[in-house]
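A short write-up of the structure that comes next.
Every number in this text was worked out from the coordinates using simple rules, so none of it is lab data. Worth saying up front: this structure is predicted, and the values here are computed from it rather than measured. Because the Cβ atoms are built from the backbone with ideal geometry, glycine has one as well, and the counts that use them run over all protein chains shown.
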Amino acid sequence: MRVLGILPFARKLLINAVSRGDIVIDGTAGNGHDTLFLAQLVGESGHVYSFDIQVEAINNTKTRLNESNCDSQVTIIQAGHEKAKSIIPTMDHGAIAGCIFNLGYLPGGDKSVVTKSVTTLTAINDIFSILKKEGIIVLVVYHGHEEGKQEKDELLKYVTAIDQTIANVLTYQFINQRNNPPFIIAIEKK
Ligand code: SAH
């Protein structure tokens, strides 16, 4: 298949928006795959703020970064992404080039701890306000579980209503797959 799958497409969007030396956010550290990817993308001169509420995710992310010698350019924060704006130093506000969220639960972890629409929307709204021009927020939306469906509906309602003069908003989705496959919402600041 030549068409990009969901995760490769999410990364492609970030690659297009983020350069060495940039400041970026992983809103859901999870097992640390995206935090590591972002750390490699921005390099030692850049910085990644990586959030998760679960200690298991924080530890998995720390281990992964450590194994790849990328710890120096990452701040791992055990807090909800809805607090990102108050936690990220004000000198970095307006300089965020990219942000990724992998919604849902921690793969291999506690399936009862999931992202929730209210906090996800607060995070998107706040992080959008500190993006730089042409900075992007990429959301990978998993909606196979019960709360996931509600989160998806709320998210789509919210992003569809974003004024087109301030952002480009897209979805990327395989529409002939069964069993609620994940899809992408991306918001690029104009
Ligand atoms: N990107 C990860 C997968 C993330 S899974 C990977 O590549 O492995 C989703 C994560 O969101 C879980 O680890 C969960 O603990 C976290 N999470 C749930 N609510 C959150 C919140 N309000 N703020 C930050 N993280 C949250």
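Here are a few things to note about the model shown:
- Fraction of antiparallel bridges per DSSP, the chain only, in percent to nearest 5: 40 percent
- Across the chain, Cα-Cα pairs farther apart than 32 Å form 8% of the total.
- Per residue, the chain reaches -10500 deg cm²/dmol at 222 nm when only DSSP H runs of four or more residues are counted, each adding -39500 (n - 2.57).
- GNM on the chain, alpha-carbon springs under 10 angstrom: the most fluctuating residue among L106, L38, L156 is L156.
- Taking the number of Cβ atoms within 10 Å of each Cβ as an exposure proxy, the fewest-first ranking of I187, I175 is I175, I187.
- Overall form of the stretch 1-55 per C-alpha gyration tensor (a/c, 1.5; a/b vs b/c): oblate
- Flagged links, alpha-carbon separation over 22 Å, of K62/K189; K12/K132; K83/K190: K62/K189; K83/K190
- Distance (nanometres) between label positions extended 7 Å along Cα→Cβ at K111 and M91: 4.6 nm
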